[in-house]
Amino acid sequence: MSKLIVAGRQKLSGATEIQGAKNSALPILAASLLAKGENVLYNCPVLSDVEASCRVLRYLGCTVSRTAHTLVIKTDGVTRGEIPEELMRKTRSSILFLGAMLAAGGSVRLSLPGGCEIGRRPIDWHLKGLRELGALITERHGRLECQAPYGLTGARISLSFPSVGATENIMIAASKANGTTTIINAAREPEITDLADYLNKCGAKIDGAGEGIVVIEGVKELRACSHTVIPDRIAAATLMSCAAVTGSRICIKNIIGSHLGAVIPVFEEAGCQIECRDGELCFAAPKRLKAFKTVRTMPYPGFPTDAQAPLLAAACTAKGTAVFVENIFENRYRHVSELARMGANIKTEGRVCVVEGVPALYGARVEATDLRGAAALVAAGLCAESVTTIGGVQYLERGYESLEQTLCSLGANVKKI
Ligand code: UD1
């Protein structure tokens, strides 16, 4: 198992490009199953989660090849009607193949998805939505048997919460249903808009993506297209946290500033200076951050749950007290005990976490247990007084493309062993 060795007291400087968004690439890969021909996906990050989705596509009969950040997916019909448990368990996004396979072939057998353990991650809203489109789904011992013997039929689907995954699954399935589907209280994340843009280029008729009501007029056929994945706003927020905690000045290129609308003000309130123009974000942190105001994670356009952990690491050495409220997942503070080993003064109570800034963190041996928690430990390690050894690097690699190399290109000393 690899480990990261992070030298402390680092200052970052210079410029770096941000990777393509994992949370866009994964749903688009699932949706590509529906688009016959040769799909070309640009700006597709090299990540273990992306590779896991490619393995599912190959298992189902597609040809997938990669050259640097370009993936070519050839789909000429699904040749299998099931996905083995071992492939389903690799990621949470594997569940998006359910909507795609129902729309493509009408029947599928698969097991429950895996993904990081950050709290209960049920799929009841995905199943409810797909059932409303006419799918017959039975669940037995963690296996799902799903059929749409008469095809899927458009419906009006109300989500009780704007679930990202459920919105994506329904959107993918509805794009080839008979008739019109309306999703009420749809998730509005930029990755939803990116998925809709890809599907629309393939010939789908999706209107309103990025808003609370999405209308999908089903079409008979989708044809492969070329698409460029949007930049990863969470990877950007992570680099901002790394720069903030080390009092650094960096520029992040290939960014969509509006996607960071809830993140930028939080750093500004802590004393950072941020300029975002022409796809480039220049970030300058003070020597020591002021305390963050209360940070509440929310569905987009609110503060993203995925950026909570790296930001929390930055709060550890800020001047004063910060309060975090995690509203999306109930078990998303697993990095806190590891940050405490490094000298952080943090208390959690249910969904609330109170961080009393300390003057310094100290290097320690710590263990990551989920993707964004791993990123938090890297950020903390960069500012610690001595060397930090981070285990559980495989979690980091689910979502960050060579973070250690990116940080080294900005002057840090991070090694993978
Ligand atoms: C969530 C995040 C997304 C992030 C991703 C990976 C939100 C709203 N969603 O998406 O931004 O990129 O994690 O970390 O911030 N739920 C159910 N039943 C369901 C589906 C969801 O109860 O069928 C609950 C979940 O337990 C969770 C909440 O709804 O508490 C949000 O879930 P959802 O948006 O679906 O999660 P992801 O799609 O994984």
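The values are calculated or read from the model by the stated rules, or taken from the named source; none is laboratory data. Owing to the predicted nature of the structure, the values given are computational and were not obtained by experimental measurement. Cβ atoms come from the backbone with ideal geometry, glycine included; neighbour counts cover every protein chain shown. Remember, those area values only see protein heavy atoms, side chains included, never the ligands or the DNA or RNA. Shrake-Rupley method; radii C 1.70, N 1.55, O 1.52, S 1.80 Å.
Taking ARG398 as the residue in question, decide whether it is among the charged types (D, E, K, R), open to solvent by less than 20 Å² (accessible area, probe 1.4 Å) and touching a helix residue (DSSP H, G or I) at 6+ places or on another chain (Cβ under 6 Å).
no
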Looking at ILE192, ILE213, ILE184, which one is within 16 Å of the ligand (Cβ to nearest atom) and open to solvent by 30 Å² or more (accessible area, probe 1.4 Å)?
-> ILE184
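Can you go through SER32, SER2, SER24 and tell me which one is within 16 Å of the ligand (Cβ to nearest atom) and hydroxyl-bearing (Ser, Thr, Tyr)?
Working: SER32 fails: within 16 Å of the ligand (Cβ to nearest atom); SER2 fails: within 16 Å of the ligand (Cβ to nearest atom).
Step by step, each of SER32, SER2, SER24 is checked, and only SER24 is within 16 Å of the ligand (Cβ to nearest atom) and hydroxyl-bearing (Ser, Thr, Tyr).
Go through the range 20-38 and give me each residue that's touching a Leu at 6+ places or on another chain (Cβ under 8 Å) and not hydroxyl-bearing (Ser, Thr, Tyr).
Narrowing the range 20-38 to residues touching a Leu at 6+ places or on another chain (Cβ under 8 Å): 22, 24-36.
The answer is LYS22, ALA25, LEU26, PRO27, ILE28, LEU29, ALA30, ALA31, LEU33, LEU34, ALA35, LYS36.
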If you take the residues in the range 281-310 that are more than 16 Å from the ligand (Cβ to nearest atom), in a strand (DSSP E or B) and touching a helix residue (DSSP H, G or I) at 6+ places or on another chain (Cβ under 9 Å), which one is farthest from ALA236 (Cα to Cα)?
-> LYS290
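If a residue has to be part of a loop (DSSP other than H, G, I, E, B), hydroxyl-bearing (Ser, Thr, Tyr) and away from the ligand (no atom under 15 Å from the Cβ) to count, how many in the range 75-134 make the cut? Walk me through how you get there before you give the answer.
Of the residues in the range 75-134, the ones part of a loop (DSSP other than H, G, I, E, B) are 76-81, 83-84, 89-92, 106, 112-123, 133-134.
From what is left, the residues that are hydroxyl-bearing (Ser, Thr, Tyr) are 79, 91.
From what is left, the residues that are away from the ligand (no atom under 15 Å from the Cβ) are 79.
Total meeting the criteria: 1.
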Only one of SER337, SER409, SER402 is closer than 25 Å to THR297 by Cα, polar (S, T, N, Q) and more than 16 Å from the ligand (Cβ to nearest atom), namely SER337
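If you check LYS205, LYS201, which single one turns out to be away from the ligand (no atom under 15 Å from the Cβ) and either assigned by TED's automatic domain parsing to the domain that holds PHE329 or under 24 Å from the mean Cα position of the chain (by Cα) (or both)?
Values: LYS205 fails: either assigned by TED's automatic domain parsing to the domain that holds PHE329 or under 24 Å from the mean Cα position of the chain (by Cα) (or both).
The conditions single out LYS201.
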Members of the range 345-373 that are crowded, with 24+ Cβ neighbours inside 10 Å and either β-branched (Val, Ile, Thr) or closer than 18 Å to GLN10 by Cα (or both) | VAL355, LEU361, VAL366
